[in-house]
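Remarks on the structure that follows.
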């Protein structure tokens, strides 16, 4: 139980750091990278919730979040490159 609390606190600290970088990012690329990192952090948090509760539905939701995050990152990269 204590491991989940420690990991949860670590995830919250990481999310705060990433949110600050998302807000203050010097360029659009930095902001897109931070948004992708926040999405990955949310997927990992959903996996931790699945482990803690023992319900597998959170693993499915985590997989969908990861796939949508990847697709959105590719679309943002293509847009910033100018080929979209």
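The values are calculated or read from the model by the stated rules, or taken from the named source; none is laboratory data. If you're wondering where the values come from, they're calculated on a predicted model, not measured in any experiment. Quick reminder, even Gly has a Cβ in these numbers, built from the backbone with ideal geometry, and neighbours come from all protein chains shown.
Of note:
- So residue 77, is it at pLDDT 90 or above and assigned to a helix (DSSP H, G or I): no
- Per-region count, region 50-59, residues in a helix (DSSP H, G or I) and either buried (at least 17 other Cβ atoms within 10 Å of the Cβ) or out of contact with any helix residue (DSSP H, G or I) (no Cβ under 6 Å at 6 or more places or on another chain) (or both): 5
- Residue within region 33-42 that is surrounded by fewer than 15 Cβ atoms within 10 Å (Cβ to Cβ) and without any contact (Cβ under 8 Å) to a residue 12 or more places away in the chain present: no
- From 76, 28, 71, residue being touching a residue at least 24 places away in the same chain (Cβ under 8 Å) and surrounded by fewer than 12 Cβ atoms within 10 Å (Cβ to Cβ): 28
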